[in-house]
Amino acid sequence: MVRDADSSEPSARTDAGSPDAPLWSPGTTGPHGRSDAASGTDPEASGLHGSAAGPEAVGLHGFGPGLRPDLLVTGGDVVTMNARREVLAGGAVAIAGDRVLDVGATSELRNRWPGTPELDARGCVVTPGMINAHQHQTGDPLARAQIPDDLPPGASIDTWAIPLHAAHTAADDALSALLTCVENLRNGVTTLVEAGTVAHPHRVAHAMHTAGIRGTIGTWGWDVPGAPFAAPAPQVLDRICELIETYPAGGQVEGWVTLVGHGLASDELLMGAAELARSTGAPMTMHLSPSQSDPEHYLKTTGRRPVTHLEHLGVLGPHLLLAHAVWLDDTETDALLRSRTAVAYCPWAYLRLGQGVTRAGRHAEIFERGGRLALGTDSGNAGDSSDILRTAALAAGLAKDMRVDPTVGLGAAGALELATIRGAEAIGMADRIGSLEPGKYADLVVHSTTGPQWAPRGDIAHQLVWSSDGRSVRDVLVGGRAVVRDHLCTTVDETALHTDAAQAATDLLTRSGVPARSSWPVIPAQ
Ligand SMILES: [Zn+2]
């Protein structure tokens, strides 16, 4: 539904670029980080920032009648993703501290709060910040495009990913995470769920804070004898527990119960992790069944298929986000839906690795049956790009093509729901993020429409998902803080980051001993 919120500012006007007054005042805080504390727009310095202490504090807590916005995002077509999925043509978003104060007609909000600084979004499309529900922040980012795409099943993990992870220093984790956060922000992702393969979680959490992205953090959780970062189940659970206490719910970075999953956890660890999630309220995530290897392993070792075994152990439930869940039978699909277990769907990874999503995937069915589903981009050599709009287009396309039926419910509009409000619901944060509504965090994306993919303008959902992608992301706000402006990260010196990453990548690849391979002969020709 499109509502004409401000007919005085037609949505077809040219992108007006930067506002005159910059919204931040960069100051270096480290080798890559910048700080905007001096400008007074740092959410850490805002009175509202500290109020985010859980669902009871979300809503309109602290929103007194005299509250004024710090910023109006004006003149864009605001895709609210509210319950009625309203789009406000030429609308505005009023932001106070780290929250959305109101959404409405630009003229109305200007009249109510005259003199408020504005971010000019005329001609642009404004969406909620997008959610990446499965993202490895370490291991692959410094080895981007290095793992061959023609390896036999498992070799990319055993020969490449595990040695790379094992060779990571704490500094590598910090650099990798910063690269990942910047790429996600530049693609309009404002919340990411770490997939749970981090050796130095505090360094990663620090990088997330530096970049200014919202998200969750976990650490390696497996009790496989002799594997890197492995430990007996009680020690793994203690390690996770400490992380949850350090990064409690409601912060910009939240600690989650993360296991590697697959067939790499004992029943004791699986049950202990689920109990920890239930007792602390911190959600749990783990990998399961992206390919046929997990069903084969579980049938051999337990006599049950993977999801059926988790149900038998009492591990399923609304606290659990399973990454992948591609190879499911009818009983497993029903168990996921019945238990309200959520799924992070990373279709590019299954295509890159040839894991069989076109043959076995049930994600469109889970979507149509009202299941909890989000999108993810997995890792730098399995999914590769952190562009969640690209992922949304693939999810919608696969849903239609796999059934040879274009009427399947998961089209562009449904895919955008997965990237925003339904994704937020799947990761348990729909009370805080996923839509532009009063009381929610001011996490939003301004998409420029100056590119050829927007000419001429058509249906907004179709154009965002089928035509556009992360290239259009001009500005990104997380908790009211401008972390991307004019297509560049404001919080991180991207040039310095890329220079340091190149050197660290060379060192890491040498140290890890992974085989060097090139698709074509590369000849020095200077
Ligand atoms: Zn993964």
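The values are calculated or read from the model by the stated rules, or taken from the named source; none is laboratory data. Predicted model only: the values in this text are computed from it and were never measured. Cβ placement follows ideal geometry from the backbone for every residue including glycine, while neighbour counts extend to all protein chains displayed.
Here are some notes:
- Qualifying residue in the range 237-244 (condition: within 16 Å of the ligand (Cβ to nearest atom) and either in contact (Cβ under 8 Å) with a residue 24 or more places away in the chain or surrounded by fewer than 24 Cβ atoms within 10 Å (Cβ to Cβ) (or both)): no
- Selected residue [of a type in the set (S, T, Y), in a helix (DSSP H, G or I) and either more than 25 Å from the chain's Cα centre (by Cα) or at pLDDT 95 or above (or both)] from T285, T331: T331
- Residue ID - nearest to W454 (Cα to Cα), chosen from residues in the range 472-495 that are under 19 Å from the mean Cα position of the chain (by Cα) and surrounded by fewer than 19 Cβ atoms within 10 Å (Cβ to Cβ): H487
- Consider the range 284-301 and keep the residues that are touching a residue at least 60 places away in the same chain (Cβ under 8 Å) and within 16 Å of the ligand (Cβ to nearest atom). The one that is farthest from P152 (Cα to Cα) is T285.
- Odd one out for V408, checked against (1) within 16 Å of the ligand (Cβ to nearest atom); (2) modelled with pLDDT under 95: (1)
- Some residue of the range 131-142 being out of contact with any strand residue (DSSP E or B) (no Cβ under 7 Å at 6 or more places or on another chain), closer than 16 Å to T377 by Cβ and either at pLDDT 90 or above or surrounded by 23 or more Cβ atoms within 10 Å (Cβ to Cβ) (or both): yes
- Taken together, the criteria exclude D294 from residues that are part of a loop (DSSP other than H, G, I, E, B), modelled with pLDDT of 95 or more and either in contact with a helix residue (DSSP H, G or I) (Cβ under 7 Å, 6 or more places away or on another chain) or surrounded by 21 or more Cβ atoms within 10 Å (Cβ to Cβ) (or both).
- Qualifying helices (runs of 4 or more DSSP H) (wholly inside the range 161-219; at least 3 residues being in contact (Cβ under 8 Å) with a residue 40 or more places away in the chain and in contact with a strand residue (DSSP E or B) (Cβ under 8 Å, 6 or more places away or on another chain)): 170-186, 201-211
- Qualifying residue in the range 379-387 (condition: within 25 Å of P283 (Cα to Cα), away from the ligand (no atom under 16 Å from the Cβ) and not aliphatic (A, V, I, L, M)): yes
- Qualifying position, being within 16 Å of the ligand (Cβ to nearest atom), at pLDDT 95 or above, buried (at least 24 other Cβ atoms within 10 Å of the Cβ) and under 30 Å from L477 (Cβ atoms), among A395, A344: A344
- Neighbours by Cβ (under 6 Å, 6+ apart or cross-chain): first from the range 337-363, in the same structural domain as D378 (by TED's automatic domain parsing); second modelled with pLDDT under 95 and within 13 Å of the ligand (Cβ to nearest atom): C346/G383; W348/G383; A349/A382; A349/G383; R352/A382; L353/A382
- Complete set of residues in the range 245-265 that are part of a helix (DSSP H, G or I) and either touching a residue at least 24 places away in the same chain (Cβ under 8 Å) or buried (at least 21 other Cβ atoms within 10 Å of the Cβ) (or both): T246
- Candidate set from the range 76-106 (those that are outside any strand (DSSP E or B) and of a type outside the set (S, T, Y)); member that is nearest to T420 (Cα to Cα): M81
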